[in-house]
């Protein structure tokens with residue numbers, strides 16, 4: 001009988017103290033959607049605009065060079081019958097060199113484009129990470145994760161809109 005009372009008291013103590021310790025510290029968890037930050041923040045829109053502008057400029061230049069080569073090829077086809085074999089071979093070689101130059105330029109542009117995109121996105125990620133840490137510390141979050149691998153979460157823990165507002169406000173302050 002005495003052992004049962006002691007066991008009951010011990011189990012009750014453990015049960016209630018464990019419940020109390022868990023209920024005292026509520027785990028605050030937040031989720032952010034980085035892709036949405038890139039698409040809707042003022043800095044993200046500015047970066048996208050810069051990337052698109054650079055891409056269009058590169059594309060226009062490549063199209064112009066491609067059109068010039070097509071003109072040379074058409075002229076070569078028209079004049080092929082009246083040219084000597086050596087002249088046709090020389091013009092054909094010039095066209096192949098120009099085509100190769102365009103391919104090299106295209107690879108260079110693609111590399112520059114990816115570098116620009118990576119640089120801008122990395123800068124935004126760095127800024128957002130700083131804000132996430134600030135929110136986490138200030139508001140007592142246990143964990144803030146990126147949405148990419150999360151299958152379900154309630155909208156109540158989504159911090160993306162709050163983060164976008166803070167980021168836009170901070171960036172607007174820097175520009176002034």
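Things to note:
- Rg over Rh for the stretch 2-175 works out to 1.41, using Cα positions for both radii and the Kirkwood form for Rh.
- The stretch 91-128-the stretch 52-84 distance, computed between alpha-carbon centres (Å): 19
- For the pair residue 116 and residue 89 in one chain, pulling the backbone fully straight at 0.36 nm per residue adds 5.7 nm over the alpha carbon distance.
- Between residue 73 and residue 174, the simple spin-label model (points 7 angstrom out along Cα→Cβ) gives 4.6 nm.
- For a paramagnetic label modelled on residue 29 (point 7 Å from Cα along Cα→Cβ), amide N atoms under 17 Å away belong, within the stretch 150-171, to 150-160.
- Multiplying the residue separation of residue 151 and residue 102 by 0.36 nm and subtracting their alpha-carbon distance yields 13.2 nm.
- Acute angle (nearest 10 degrees) that the helix 85-139 long axis makes with the longest principal axis of the chain, alpha-carbon atoms: 20
- Relative contact order, whole percent, for the chain stands at 46, derived from Cα pairs under 8 Å and 6 or more residues apart.
- Sum of -39500 (n - 2.57) over DSSP H runs of 4+, divided by residues of the chain (222 nm, nearest 500): -28500 deg cm²/dmol
Taken together, the values in this text are just the output of simple stated rules run on the coordinates, not laboratory data. Nothing here was measured: the structure is a model prediction, and the numbers come from that model. All Cβ positions, glycine included, derive from the backbone under ideal geometry; neighbour counts span all protein chains shown.
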